[in-house]
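Participant: Structure below; questions to follow.
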Amino acid sequence: MKPVPVLDSGGGVLKDDLRQHLSRTCPDQELRRWYDPLDLSVSASEHCCLVRFPHAYFAAWFETSVRDLFEKEVGRFLGNGYAVRYQTRCAGGDKRQPLATLRAVTDFPYGHRFTFETFLANEKNHFPLALAREVAGGREVRYNPFLLCGPSGAGKTHLLRAMANAVSRSRPDATVFFGSIDDIGNRYADATANLHEIRAAIAAHDFLFIDELADVKRDPILEQELVLLFNAFHDAGKQMVFSCRERVASGDFGPTLKSRLEWGLMVHLKLPDLDVRVRCVEHANRDKRLGLSREQTLTLASRFEGFRQLEGVLLRIEAFRRHTGQELTDAELTRHIRLSEDRKAPELTPERILAVCADHFELSVADITGHSRRKELVFARQASMTLCRSLLGMSYPALGKVFGGKDHSTVLYSIRKFQQLQDADRDTKLMFRQLTKKCRQGGPA
């Protein structure tokens, strides 16, 4: 990292250098609009960057529109440990006054790229994003726990990390525990460890962030420990935030943990629409200078349904460009797409098909293979049976065993019924094609 000039006043050199850094992620037109009017100075001895606004209206706009982006890039430019302070002029004179929020650290302990601003979403995911901002920024614990649910590739981990980053920056003195179920399990793995001490160490944090909560079902003992941790945080009025690929109501959690999770607020993230995926590829194309054409961008966005898949193929393209220095031809792009899909394609089994259907219909596998006659469950069950029959060629008795011991005549009726629905309804036929593609190509499950 290049040295940052130490300035007591002014800041022309610093401002030009920072502008050049920002130009890698922001168009020049945008920088002229919001960056050029700023007055900047940096004190290396105080580890502080002072930002002066021309007037209060500009300051209010900056606060809601570009502050997250600015502080993230200042952190990258100056390094960890710096704080940003803001000032604006009073309406009646030259005297300067601080904004309501005086100080924000530039550290992003959970990754610079994980911010609310870089979470790409359209109206479909506006509500979860707005509530995540509220929970991370609010001083009052209103939703406890707060659960982010959604399929793999919807951006749950990104939003969870963005919340943890926001908490860490706005409350430098607060302690945050961030980890997966496996991270917690590793703490309990040592047979000589004192369980009370481990539990007390985690419960001593001010915030608890756990990624992919559904993994706790693999370990009943760990689920019991999580209930005790939940009680400790809830009783102390300390915020808990979880991500989970399943809804609480349809998940196979134990009754005690499920009842506690239901105390909180659950929001559901949907997989990104095509326009959001296009923006994702465009951002990567600009930031990493991949040289993708408009047609290539659309091809990638159309081929991959989740953020995780897109990030994987974009990483492959970035490595190709960096090591070969060659332009990405259409033939080369096709090769990278094929390799990415082949690498992710799982073995096609009844379990895989059930997982895909459970994800699509936002149900649990147990719901689909069970005996409930609720309309939405029957429809999902019929679709799953038809997929197994179509893709795997399973016999009706074999399907009956997979779907909870049902009679072969029941399976036969279900498949015929679903085929009739496809013949009569174009949307059902399109949905079945999409599910078939997901099962074959390794879409999110």
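The values are calculated or read from the model by the stated rules, or taken from the named source; none is laboratory data. These numbers were taken from a predicted model, which means no experiment stands behind them. In this analysis, Cβ positions are derived from the backbone assuming ideal geometry, glycine residues included, and neighbour counts consider all displayed protein chains. Ligands, DNA and RNA are excluded from the accessible area calculation, which covers all protein heavy atoms including side chains. Shrake-Rupley method; radii C 1.70, N 1.55, O 1.52, S 1.80 Å.
Participant: Go over the candidates Gln309, Gln296, Gln326 one by one and state the one that is among the polar types (S, T, N, Q), touching a helix residue (DSSP H, G or I) at 6+ places or on another chain (Cβ under 8 Å) and in contact (Cβ under 8 Å) with a residue 40 or more places away in the chain.
Facilitator: Selected residue: Gln309, the only one of Gln309, Gln296, Gln326 that is among the polar types (S, T, N, Q), touching a helix residue (DSSP H, G or I) at 6+ places or on another chain (Cβ under 8 Å) and in contact (Cβ under 8 Å) with a residue 40 or more places away in the chain.
Participant: Could you check the range 266-350 for helices (runs of 4 or more DSSP H) lying wholly inside it with 1 or more residues that are in contact with a Phe, Trp or Tyr (Cβ under 9 Å, 6 or more places away or on another chain) and under 30 Å from Leu160 (Cβ atoms)? If you could, list the steps in order and put the result at the bottom.
Facilitator: Working: elements: 274-287, 294-303, 307-324, 330-344.
The qualifying helices (runs of 4 or more DSSP H) are 274-287, 307-324, 330-344.
Participant: Is it the case that Ala136 is hydrophobic (A, V, I, L, M, F, W, C), at pLDDT 70 or above and within 30 Å of Ala56 (Cβ to Cβ)? Break it down into steps so the answer makes sense when it comes.
Facilitator: Numbers: hydrophobic (A, V, I, L, M, F, W, C): yes; at pLDDT 70 or above: yes; within 30 Å of Ala56 (Cβ to Cβ): yes.
So Ala136 fits the description; yes.
Participant: Only one of Ser395, Ser364 is small (Gly, Ala, Ser) and surrounded by fewer than 16 Cβ atoms within 10 Å (Cβ to Cβ); which?
Facilitator: Values: Ser364 fails: surrounded by fewer than 16 Cβ atoms within 10 Å (Cβ to Cβ).
It is Ser395.
Every residue, every condition in (1) of a type outside the set (Gly, Ala, Ser); (2) at pLDDT 85 or above; (3) open to solvent by 40 Å² or more (accessible area, probe 1.4 Å), yes or no:
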| site | (1), (2), (3) |
| --- | --- |
| Ile317 | yes, yes, no |
| Thr324 | yes, yes, yes |
| Thr334 | yes, yes, yes |
| Leu339 | yes, no, yes |
| Glu347 | yes, no, yes |
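Participant: Further question on the same structure: Just one of the numbered conditions (1) assigned to a helix (DSSP H, G or I); (2) open to solvent by less than 60 Å² (accessible area, probe 1.4 Å) is not true of Ser152; which one?
Facilitator: Single failed check for Ser152: (1).
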